[in-house]
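Below: one structure, written as structure tokens.
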Amino acid sequence: MTPTEGTTPAVSFAGAAKAYGDVRAVDGMDLRIERGETVALLGRNGAGKSTAIALLLGLRPPDAGTVELFGGPPEGAVRAGRVGAMLQEARAVPRVTVGELVAFVAGRYPAPMPVGQALELAGIAALAGRRVDRLSGGQVQRVRFALALAGRPDLLVLDEPTAA
């Protein structure tokens with residue numbers, strides 16, 4: 001997709017930087033992602049991919065530069081339910097079934113995806129009645145994917161989607 005003059009990108013990093021002490025995890029990152037594009041950030045461990053995602057989601061502020069989602073601060077797009085995220089670190093919720101958890105999360109969005117559809121897309125429809133804390137690592141990863149899909153987001157962010 002070619003950027004069109006005057007259009008607002010889905011994602012924009014302009015000179016974004018983030019350091020942890022002496023370690024510059026992200027250093028002057030410039031990136032523009034148009035609506036409808038699929039982009040992968042590739043790099044070795046410690047290259048700053050997860051930090052870039054934290055900046056993108058508004059979980060950490062940049063030390064320099066700007067990060068925008070849909071033309072505004074990341075926090076606004078996240079609060080509005082426009083972003084679905086599957087983060088690398090998440091814990092299983094005890095005593096809750098897969099279906100209950102996905103339904104709970106979906107219920108927080110203005111126009112959620114039907115729970116059955118999210119489970120089907122994540123390949124875990126058969127696990128709807130199973131407790132999340134009794135699933136394998138790979139199954140929990142698929143639950144996190146269903147949770148990211150549940151709100152019908154305009155932007156889907158996957159951090160280490162094949163881990164587990």
field: For the range 29-89: rounded, prolate or oblate by the Cα gyration tensor [a/c cutoff 1.5]
entry: rounded
field: Normalised contact order of the chain, rounded percent, pairs of Cα under 8 Å and 6 or more residues apart
entry: 23
message: Here are labelled values, (i) 16.9; (ii) 13.8; (iii) 10.4, and one is the computed mean projected area of the Cα convex hull in nm² for what I pasted. Which one?
response: (iii)
statement: Residue separation between Arg44 and Asp22 times 0.36 nm, minus their alpha-carbon distance, gives in nm 6.0 nm
field: Gaussian network model of the chain, Cα within-10 Å springs - most flexible of Val140, Val93, Val78
entry: Val93
- prompt: From the residues Ala80, Phe13, Gly129, which one has its Cα farthest along the dipole of the chain in the positive direction, the dipole being from +1 and -1 charges on Cβ of Lys/Arg and Asp/Glu about the Cα centre?
  reply: Gly129
- prompt: With +1 on each Lys and Arg Cβ and -1 on each Asp and Glu Cβ, how big is the dipole of the chain about its Cα centre, in debye rounded to the nearest 20?
  reply: 680
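We did not get these values from a lab; they are worked out from the coordinates using the rules stated. Keep in mind that what you see is a predicted model, and the values were worked out from it rather than measured. Cβ atoms come from the backbone with ideal geometry, glycine included; neighbour counts cover every protein chain shown.
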